[in-house]
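The values are calculated or read from the model by the stated rules, or taken from the named source; none is laboratory data. Just so it is clear, the model here is predicted, and its values are computed rather than measured. We place every Cβ from the backbone using ideal geometry, glycine too, and count neighbours over all the protein chains shown. Ligands, DNA and RNA are stripped out before the accessible areas are found, and what is left, the full protein with its side chains, is counted by its heavy atoms. Shrake-Rupley method; radii C 1.70, N 1.55, O 1.52, S 1.80 Å.
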Amino acid sequence: MPKTVLALVPHPDDAEFSAGGTLAKMAAEGARVIIVVATDGRCGSFTIGPEALPAIRAEEARRGAAALGAEPPIFLGHPDLELDKVTPGVLREQVVRAIRQHRPDVVVAEDPFAPFEVHPDHRAMAWAVSDAVSFAPLPSMHPEHLQQGLEPHFVPEKYLYTEHVPSTNRVVDISDNFAAKVAAMAEHKSQVEFLVEDVMRQATLAGMDLRALLGEMASDPMAALTWALESQASETGSRAGVRYGEAFRYVRFHPFVEGLLGALPS
């Protein structure tokens, strides 16, 4: 089992939403879980202004991480919906630094190769993590880190989350950890309200009466989100014969090394 897990995500709720069950499972099994959040989430509300929202989102992220059994999150502080404006090398260096500081056995992040990702922050962070994971082992990649006592580091296991099912090759059984995922998401109250309201507005534009369909859940954003999370986790889990699951594209070593490992006698 991993000793240190590093989740590298663009927004305060992304780790919980996309991999909360897996992170809670690893924490429960004794791993040190660290979440690095790239942006301040200031744009994620229809009702709270960008001046007030970052502090709210940061506190929600601290409570959400605690619900997973993770350490207090690390915030890089970039403005929400502007991560694509950050010089790619700057963001990459921040991720390389985090990898060398914490020396994780596992990195959890979004899959940069998954299609149909519409959010610029997600795309920017996914590629920064992909580059950083690939080259953090090289001493000539940011050699100033060596002068600061940060040694190169190779991450043996990568769990890359994506909504594109054909890209995934591993389902993690989160049946015993689904409640922790829900509890962590419940701490992100402002984001839960925003996510549900966004869906409600789109459903109205599509001519659907989603409030009638959801009944009492329509007036309880967390109940509605829990229903959606449970449906998703149940469908994913059914692929592996478990009650609840989270799916990832799981990557270890270079394909040549994996081929050699596969050829070794058992």
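Per-structure values
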item	result
In Å², nearest 10: area of Leu138 left accessible to a 1.4 Å probe	90 Å²
Convex hull of the range 126-218 built on C-alpha atoms - directionally averaged projected area, nm²	10.5 nm²
Along principal axes, Cα extents of the range 101-255, largest first, whole Å	60, 33, 28
For the chain, accessible area per residue (1.4 Å probe, heavy atoms of protein chains only), Å²	49 Å²
The range 5-105 - Rg and Dmax from Cα coordinates, angstrom	13.7, 40
Accessible-area value, Ile35, 1.4 Å probe, nucleic acids and ligands omitted, Å²	10 Å²
Rounded accessible area of Trp127 (nearest 10 Å², 1.4 Å probe)	110 Å²
Debye-sum result for the range 38-86 in log10 I(q)/I(0), which assumes one identical scatterer on each alpha carbon, at q = 0.17, 0.25, 0.30 Å⁻¹	-0.52, -0.92, -1.08
Alpha-carbon centroids, the range 115-185 and the range 194-212: separation in whole Å	32 Å
Local electrostatic count, Arg42, Cβ distance below 10 Å [Lys/Arg +1, Asp/Glu -1]	-3
Carbon plus sulfur fraction of accessible area for the chain, probe 1.4 Å, in percent	57 percent
Distant alpha-carbon pairs in the range 38-173 (separation over 17 angstrom), percent	66 percent
Whole-Å semi-axes of the ellipsoid equivalent to the chain (Cα gyration tensor, √5λ, descending)	31, 23, 17
Gyration tensor verdict on the range 79-159 (Cα atoms; rounded if a/c is under 1.5, prolate if a/b is larger than b/c, oblate otherwise)	oblate
